[in-house]
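Report on one structure; see the data block that follows.
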Amino acid sequence: RKKKTRTVFSRSQVFQLESTFDMKRYLSSSERAGLAASLHLTETQVKIWFQNRRNKWKRQLAADIEAANMA
């Protein structure tokens, strides 16, 4: 079975996803459905984007704490 190709999000999609993430790090299923529909993405794409973004956020948080400890 062929590996799924990586989704490339447009600038406007990323802007909307990031704006939503800044307000809320977790979406309800209805919020996810609404966001997916408005961005012309699947719910799975939005779900995975949020999972990845939360992990990035946690990594940044850990790096910031580490930097503060080094200072």
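The values are calculated or read from the model by the stated rules, or taken from the named source; none is laboratory data. Keep in mind that what you see is a predicted model, and the values were worked out from it rather than measured. Quick reminder, even Gly has a Cβ in these numbers, built from the backbone with ideal geometry, and neighbours come from all protein chains shown.
Of note:
- Test for T44: is it in contact with a helix residue (DSSP H, G or I) (Cβ under 6 Å, 6 or more places away or on another chain) and hydroxyl-bearing (S, T, Y): no
- Positions within the stretch 25-36 being surrounded by 11 or more Cβ atoms within 10 Å (Cβ to Cβ) and without any contact (Cβ under 8 Å) to a residue 12 or more places away in the chain, in sequence order: E31, A33, G34, A36
- Of all the residues in the stretch 23-71, those that are hydrophobic (A, V, I, L, M, F, W, C), in a helix (DSSP H, G or I) and at pLDDT 95 or above number 11.
- Residue, surrounded by the fewest Cβ atoms within 10 Å (Cβ to Cβ), within the stretch 37-64, restricted to residues that are within 9 Å of the chain's Cα centre (by Cα) and among the β-branched types (V, I, T): I48
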